[in-house]
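**Student:** For reference, the structure I am asking about is given below.
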Amino acid sequence: MKALLTRARPDAEASARKLAARGVEAVLAPVLEIVCQRLAGAPQVDFALATSRHAFPCLDAMDPARRAALAARPLYVVGDATAAAARAAGFTDVRIARGDAVSMLDLLVLTGARGRALYLAGADRSPTLEAGLEKMGVATRVEIAYAARARDWSGAERRAVADAAEVGASVLHYSGRSAELFLRQIDAAGLGGRLDAFRHVAMSRQASRPIQNRCSRVVWPERPREDDLFALLSF
């Protein structure tokens with residue numbers, strides 16, 4: 001069994017190792033690359049939030065004293081991978097939600113989070129978390145820590161994707177944006193007519209929408225977790 005991974009290379013490589021343990025051969029064809037952004041600083045806050053592990057390597061350029069002060073505050077993250085990256089970056093009080101912004105908001109309510117928050121965000125993101133924080137009355141400062149920039153496939157990657165289509169490989173779509181960029185690259189490679197040759201597996205209903213506009217053969221798990229995503233590879 002083959003699975004095509006289009007997420008940024010560091011994420012794709014981590015997912016490929018997990019797939020290998022399940023006997024699935026991964027084909028890497030990233031449509032994104034992660035670029036750190038210049039952070040203005042770390043204001044005095046009561047807690048912080050992050051929805052991706054990509055935020056933490058981008059803290060390296062921050063003033064050490066400000067970074068240490070931030071790392072001492074409670075940090076809310078979306079899942080285990082983000083939590084592991086946060087702990088590696090020095091955060092000690094890490095509180096883990098169940099995989100998405102909605103579950104993070106639920107956790108914030110459950111733990112009685114109040115006061116001022118710093119959101120270590122990506123340049124492209126859903127408004128769900130910020131809207132929920134506003135409704136909770138949390139004063140939130142958003143710092144853009146990283147950007148996921150679109151990238152084009154190389155010739156070798158295009159050939160690998162074409163070969164994957166020949167054997168009916170699964171394509172794992174982790175976000176709506178990466179799904180849109182996958183479609184752009186498929187069309188640029190002259191493979192737009194081969195979409196139905198793949199089995200499309202999305203992380204969530206939202207992530208599946210760009211694919212549904214072009215292809216009906218797409219599924220997603222009830223929970224937006226990678227293990228649940230992998231469990232659907234045999235559909």
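**Student:** Cβ-Cβ below 6 Å, separation at least six or inter-chain, first residue in segment 171-194 and closer than 25 Å to A123 by Cα, second at pLDDT below 95 and polar (S, T, N, Q): which pairs?
**Tutor:** Filtered contacts from segment 171-194: G176/Q206.
**Student:** Right, another one. Anything in segment 27-75 that is in contact with a Leu (Cβ under 6 Å, 6 or more places away or on another chain) and either over 24 Å from E180 (Cα atoms) or open to solvent by 30 Å² or more (accessible area, probe 1.4 Å) (or both)? List them, or say none.
**Tutor:** Within segment 27-75, L28, A42, V45, A48, M62, R67 qualify.
**Student:** Right, something else. Pick out, from segment 1-51, the strands (runs of 3 or more DSSP E) lying fully within it that include 1 or more residues that are under 30 Å from D93 (Cα atoms) and touching a residue at least 60 places away in the same chain (Cβ under 8 Å). Don't jump to the end; show me each part of the working.
**Tutor:** On the way: elements: 2-5, 25-28, 32-36, 47-50.
Once the strands (runs of 3 or more DSSP E) in segment 1-51 are filtered for at least 1 residues that are under 30 Å from D93 (Cα atoms) and touching a residue at least 60 places away in the same chain (Cβ under 8 Å), what remains is 32-36, 47-50.
**Student:** Could you list, in sequence order, the residues of segment 153-173 that are over 19 Å from V218 (Cα atoms), surrounded by 15 or more Cβ atoms within 10 Å (Cβ to Cβ) and not hydrophobic (A, V, I, L, M, F, W, C)?
**Tutor:** Within segment 153-173, E157, R158 meet the criteria.
**Student:** Which one of the conditions (1) more than 30 Å from E222 (Cα to Cα); (2) within 20 Å of the chain's Cα centre (by Cα); (3) assigned to a loop (DSSP other than H, G, I, E, B) does M62 fail to meet, given that it meets all the rest?
**Tutor:** Failing condition for M62: (2).
**Student:** Does R17 meet the test of being surrounded by fewer than 22 Cβ atoms within 10 Å (Cβ to Cβ), modelled with pLDDT under 95 and either farther than 18 Å from G122 by Cα or of a type outside the set (S, T, Y) (or both)? Quick ask: steps written out before the conclusion?
**Tutor:** Numbers: surrounded by fewer than 22 Cβ atoms within 10 Å (Cβ to Cβ): yes; modelled with pLDDT under 95: no; either farther than 18 Å from G122 by Cα or of a type outside the set (S, T, Y) (or both): yes.
Answer is no for this residue.
**Student:** Helices (runs of 4 or more DSSP H) wholly in segment 145-232 with at least 1 residues that are under 30 Å from L118 (Cα atoms) and touching a Phe, Trp or Tyr at 6+ places or on another chain (Cβ under 9 Å) - which ones? Write out each step before concluding.
**Tutor:** Numbers: elements: 155-166, 176-188, 205-212, 226-231.
By residue number, 205-212, 226-231.
**Student:** Looking at this structure, is A145 touching a residue at least 24 places away in the same chain (Cβ under 8 Å), closer than 30 Å to M1 by Cβ, in contact with a helix residue (DSSP H, G or I) (Cβ under 6 Å, 6 or more places away or on another chain) and surrounded by 17 or more Cβ atoms within 10 Å (Cβ to Cβ)?
**Tutor:** Values: touching a residue at least 24 places away in the same chain (Cβ under 8 Å): yes; closer than 30 Å to M1 by Cβ: no; in contact with a helix residue (DSSP H, G or I) (Cβ under 6 Å, 6 or more places away or on another chain): yes; surrounded by 17 or more Cβ atoms within 10 Å (Cβ to Cβ): yes.
So A145 does not fit the description; no.
**Student:** If I go through segment 76-116 residue by residue, how many of them are open to solvent by 30 Å² or more (accessible area, probe 1.4 Å), in a helix (DSSP H, G or I) and β-branched (V, I, T)?
**Tutor:** Total meeting the criteria: 2.
**Student:** State whether the residues of segment 128-146 include one that is within 23 Å of A68 (Cα to Cα) and among the polar types (S, T, N, Q).
**Tutor:** At the first step, the residues of segment 128-146 found to be within 23 Å of A68 (Cα to Cα) are 138-146.
Imposing the further condition that a residue be among the polar types (S, T, N, Q) reduces the set to 140.
Scanning segment 128-146, I find at least one residue that is within 23 Å of A68 (Cα to Cα) and among the polar types (S, T, N, Q), so the answer is yes.
**Student:** Regarding segment 66-75, can at least one residue be identified that is assigned to a loop (DSSP other than H, G, I, E, B), farther than 20 Å from Y174 by Cα and in contact (Cβ under 8 Å) with a residue 24 or more places away in the chain?
**Tutor:** The answer is yes, given that some residue of segment 66-75 is assigned to a loop (DSSP other than H, G, I, E, B), farther than 20 Å from Y174 by Cα and in contact (Cβ under 8 Å) with a residue 24 or more places away in the chain.
**Student:** Hey, among A189, A123, which residue is exposed (fewer than 15 other Cβ atoms within 10 Å of the Cβ) and either closer than 16 Å to V78 by Cβ or out of contact with any Leu (no Cβ under 9 Å at 6 or more places or on another chain) (or both)? Break it down into steps so the answer makes sense when it comes.
**Tutor:** Values: A189 fails: exposed (fewer than 15 other Cβ atoms within 10 Å of the Cβ).
Being exposed (fewer than 15 other Cβ atoms within 10 Å of the Cβ) and either closer than 16 Å to V78 by Cβ or out of contact with any Leu (no Cβ under 9 Å at 6 or more places or on another chain) (or both) holds for just one of A189, A123, which is A123.
**Student:** Also: Every residue in segment 219-228 that is modelled with pLDDT of 95 or more and surrounded by 20 or more Cβ atoms within 10 Å (Cβ to Cβ), please.
**Tutor:** W220 - this is the single residue of segment 219-228 that is modelled with pLDDT of 95 or more and surrounded by 20 or more Cβ atoms within 10 Å (Cβ to Cβ).
The values are calculated or read from the model by the stated rules, or taken from the named source; none is laboratory data. Quick caveat: nothing in here was measured; it's all calculated off a predicted structure. Cβ coordinates were reconstructed from backbone atoms using ideal geometry, including for glycine residues, and neighbour counts include every protein chain displayed. Surface areas here come from the heavy atoms of the whole protein model, side chains and all, with no ligands, DNA or RNA. Shrake-Rupley method; radii C 1.70, N 1.55, O 1.52, S 1.80 Å.
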